[in-house]
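Remarks on the structure that follows.
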Amino acid sequence: MILKQINSSVTLLARNNISLATQVTRALTKTCASCYATMPKALPEKAYSQGSSCPPLAQDTLRMYSMRFCPYVQRTRLVLEHKQIPHQIVNINLMSKPDWFLDIAPLGLVPTLQYNDRIVYGSEVCNDYLDAIYPHKALNPSDPFLFAQQRQHRDPFTKFELTLLKLRRGFPDDETKKQMVSKLLASLEYYENVLSTIDKPFFGGAEVGMLDYHLWPWFERLPVLTVMLGYDVLSDVPLLRQWEERMQDDNAVRATRLPTKQHLAYLASHAAGKPNFDTGLDNTLTDVQAKL
Ligand SMILES: N[C@@H](CCC(=O)N[C@@H](CS)C(=O)NCC(=O)O)C(=O)O
C-alpha cells in the first residue's frame, strides 16, 4: 500500500519535471502523513504565554502555531481540514509570546508550521507548501499559467483585509464608516467581476480552490462587519453573496468556523486594549459580551 503510494506520487511529480531528490522527499512526506494511525495528541486550546514550557513535539508530527481568531491562521486550517492532514495546534498569546515560540517562528507570526526540523510560515507560503507536498484534493491549478492567474487574484484582497483590521480599534464614527464601506465595496467589486468572468460556482472553478480559502476567513467575519458598520456590504455584490452561501456548506469551512458572537467578543477585547485570545473557552465570553 505504502509502496503503491510512493510510486504514484513519484510518477505524478515526475510528470511535473521536478528533481528526483525533491520527488522522493515529497513522496516520503506524503506517505508519512498517511502512516498516522490517529491524529496527533490534541493540546489544550488555551494560548501559551511567556513563562510557559513548549509542549514536546513528537517525531513526524505536523504542528501549527496558531491564534484562534487569526484569519491568516484560518486560511491554513482550511487547507489542513480540506486535505484531512493530521496535525496538532499550539495556540500562542500574541501579546505575551513565549521565548520558545520566538526561537521557532522567525518573524514571531502565526501561522507557522513545524515538521521535524522544517519551519514554514505565512499563510500563503504554508498553503502552497501543503498543497505541493500533499497533492491529493489539489487546491492550486497544475497549469502554471492558471496558477499564476489565481495568485494574481490574491493581491487585491489585501486592501479589504487592511480596511477590516481597522475594526480592531472599536466602533468607527459615521464618517469613518462611510469611508470604510466605500473602500470595502471597491475591493469586493474586483471579486464580483472575477466571478462574473469565470462564470463558475467557485473561484477555483467547479470545486473550491486555494483562492476560495484565501478569501474565506474575512467572509466568515462579515456579520461582525454588518453589526459594526450598520451596512451589509454583500447586498451590492450578488454573485459574491451566492458564493458566500455556497462556501458555508464546505466541510473545511464548517470545521474551522467560530460563532459571530465569539468574533465580536474577541474584537471588543482587542478594542479595549486587552485581546483575549481565549475568548469563548471560559466565562470571559459572557464578561466581554456584557460590555458590548
Ligand atoms: N502575512 C501573514 C500575516 C500573519 C499575521 O499577521 N498574523 C498575526 C495574527 S492575525 C500575527 O501573528 N501577529 C503577531 C505580531 O504581529 O506580532 C500571513 O499571511 O500569514
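Every number here is computed from the coordinates shown, using simple stated rules; none is lab data. Just so it is clear, the structure is predicted and the values come from calculations on it, not from any experiment. Here the Cβ is made from the backbone with ideal geometry for all residues, glycine too, and neighbour counts use every protein chain on show.
Binning the alpha carbon pair distances of segment 38-133 at 5 angstrom intervals from zero yields the distribution 2, 14, 27, 28, 20, 7, 1, 0, expressed in whole percent. Couplings 3J(HN,Hα) for segment 269-281, derived from phi with the Karplus relation 6.51 cos²θ - 1.76 cosθ + 1.60 (θ = phi - 60°), are 5, 5, 4, 7, x, 9, x, 9, 6, 9, 3, x, 8 Hz, where x marks Gly and Pro.
Apply the Karplus curve 6.51 cos²θ - 1.76 cosθ + 1.60, θ = phi - 60°, to the phi angles in segment 189-200 and return the couplings in whole Hz, x for Gly and Pro. Result, ordered by residue: 4, 4, 6, 4, 5, 4, 4, 5, 6, 7, 6, 10 Hz. Restriction of the GluC sites (Glu not before Pro) in segment 44-139 to DSSP coil positions whose beta-carbon has at most 14 other beta-carbons within 10 angstrom yields Glu45. Summarising the amide proton neighbourhood of Asn91: residues at separation of 5 or more, or on other chains, whose placed amide H is nearer than 5 Å comprise Tyr48, Ser66. Remark on segment 219-279: ratio of C-alpha radius of gyration to 2.2 N^0.38 Å is 1.27.
Modelled label positions at Glu189 and Ser53, each set 7 Å beyond Cα in the direction of Cβ, lie 5.8 nm from each other. Computed over the Cα atoms of segment 84-186, the ratio of the radius of gyration to the Kirkwood radius (Rg/Rh) comes to 1.06.
The mean of 1/r over all distinct Cα pairs in segment 176-292, once inverted, gives the Kirkwood hydrodynamic radius of 15.6 Å.
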